[in-house]
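Comments concern the structure below.
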Amino acid sequence: MHGKPTYKELEQRIKELEIETRKHRALADAPFEAIFLSEQGICLDQNQAAEKMFGYSHAEAIGRHGTEWIAPEYRERVRTNMRTGYEKPYEVVALRKDGTTFPCEIQAQMIDREGISIRVTALRDITEKKEAEQILKDEIVRRRILVDQSRDGIVVIDQDGKVYEANRRFAAMLGYTVDEIQHLHVWDWDFQWSKARLLEKLRDVDDAGDHFETVHKRKDGSLYEVEISTNGAVYQNRKLVFCICRDITERKRSEEERKQLIQELQTALAEVKTLRGIIPICTQCKKIRDDDGYWQRVEQYIEERSDVLFTHGICDECAKRLYPWYEDES
């Protein structure tokens, strides 16, 4: 048995208790979370963050049931968790004194205090977190719509050449289903490059990207020409290559037809020479004056300026005039 404590010992113990009380109060008021102490659902204490978050003064909070800080549709869930001593985090909608609500995360822990079970509950306002999650979800939906509605094939390939993700258009271009395309590697459809060369291109591509043309092989073995734009990025410590694939078979065919037509026109133009403008001709001998002022025979002038060749003969009128006896003999 210990003897009665001296006055100094009691005074020292009181000081220690005061220091410990201030320390616990400081720790309770420091977090951004609202912290409540409750027994059988009834509030025993709250920290300053709780007063700021919900609007109840310390005096107003004491004696209230914990579900009064919770929106009505979530109160039964909170009661059940209080009753069963549930200690894992969960989300509910919280209710302020002024009637406004906000999403919050609750996590509680049971502690023993001089034989009494006390529930310590922390509530965190997760409005910003929820807003960020919604923005992220909206962005994912927007990107998915853009990808799925794209007229070009889009495929994401990992650093090992395997399909990470692909849109419906890309699968349709190759004649596969979206599920089938997930099990393929880039060399299963690229007809132009070897496996080693394709892996090299995947390693080399960076965020600056690349642009090239190649040939793809469909599931049925048929081939088509394709134009590809790529960009590389690291996602979760894994390199991914984003590829936009455009079927350029029709464009190539049109370009080839255009080249052929131009070639045919150039050939035709090379075979044709045209005389244009005013030609000065003598009214008597019918010679033509060229650009240098010399008079040339008509056939010479034309031959030099076209691909026409002349053969010579005599017309009936000239034959009568020059050779009248030939007609009489005939």
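The values are calculated or read from the model by the stated rules, or taken from the named source; none is laboratory data. These numbers come from a predicted model, not from an experiment. Note that we place each Cβ from the backbone using ideal geometry, even for glycine, and neighbour counts take in every protein chain shown. Surface accessibility is based on the protein's heavy atoms, side chains included, excluding ligands, DNA and RNA. Shrake-Rupley method; radii C 1.70, N 1.55, O 1.52, S 1.80 Å.
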Subject >> Output for the stretch 159-180, where each listed residue is among the polar types (S, T, N, Q) and without any contact (Cβ under 8 Å) to a residue 12 or more places away in the chain >> reply: Thr177
**OP:** Using the structure shown, decide if Gly55 is modelled with pLDDT of 90 or more, touching a Lys or Arg at 6+ places or on another chain (Cβ under 7 Å) and over 16 Å from Ile106 (Cα atoms).
**Re:** yes
Original post:
Among (1) at pLDDT below 90; (2) in contact with a strand residue (DSSP E or B) (Cβ under 7 Å, 6 or more places away or on another chain), which single condition is Lys15 missing?
Top reply: (2)
**OP:** May I ask you to verify whether Ala59 is out of contact with any Pro (no Cβ under 7 Å at 6 or more places or on another chain), touching a residue at least 12 places away in the same chain (Cβ under 8 Å) and among the small types (Gly, Ala, Ser)?
**Re:** no
Original post:
For Leu265, are the conditions met, namely being open to solvent by 70 Å² or more (accessible area, probe 1.4 Å), of a type in the set (A, V, I, L, M, F, W, C) and on the phi < 0 side of the Ramachandran plot?
Top reply: yes
**OP:** With the condition kept exactly as written, say whether any residue in the stretch 107-128 is farther than 17 Å from Arg218 by Cβ and within 28 Å of the chain's Cα centre (by Cα).
**Re:** yes
**OP:** Might you check whether a residue that is basic (Lys, Arg), in contact with a helix residue (DSSP H, G or I) (Cβ under 8 Å, 6 or more places away or on another chain) and open to solvent by 70 Å² or more (accessible area, probe 1.4 Å) occurs anywhere in the stretch 74-83?
**Re:** yes
Original post:
So which residues in the stretch 280-291 are surrounded by 10 or more Cβ atoms within 10 Å (Cβ to Cβ), out of contact with any helix residue (DSSP H, G or I) (no Cβ under 8 Å at 6 or more places or on another chain) and either modelled with pLDDT under 70 or closer than 14 Å to Glu304 by Cα (or both), if there are any at all?
Top reply: Arg289
Subject >> Positions within the stretch 179-198 being within 13 Å of Val241 (Cα to Cα) and open to solvent by 40 Å² or more (accessible area, probe 1.4 Å), in sequence order >> reply: His185
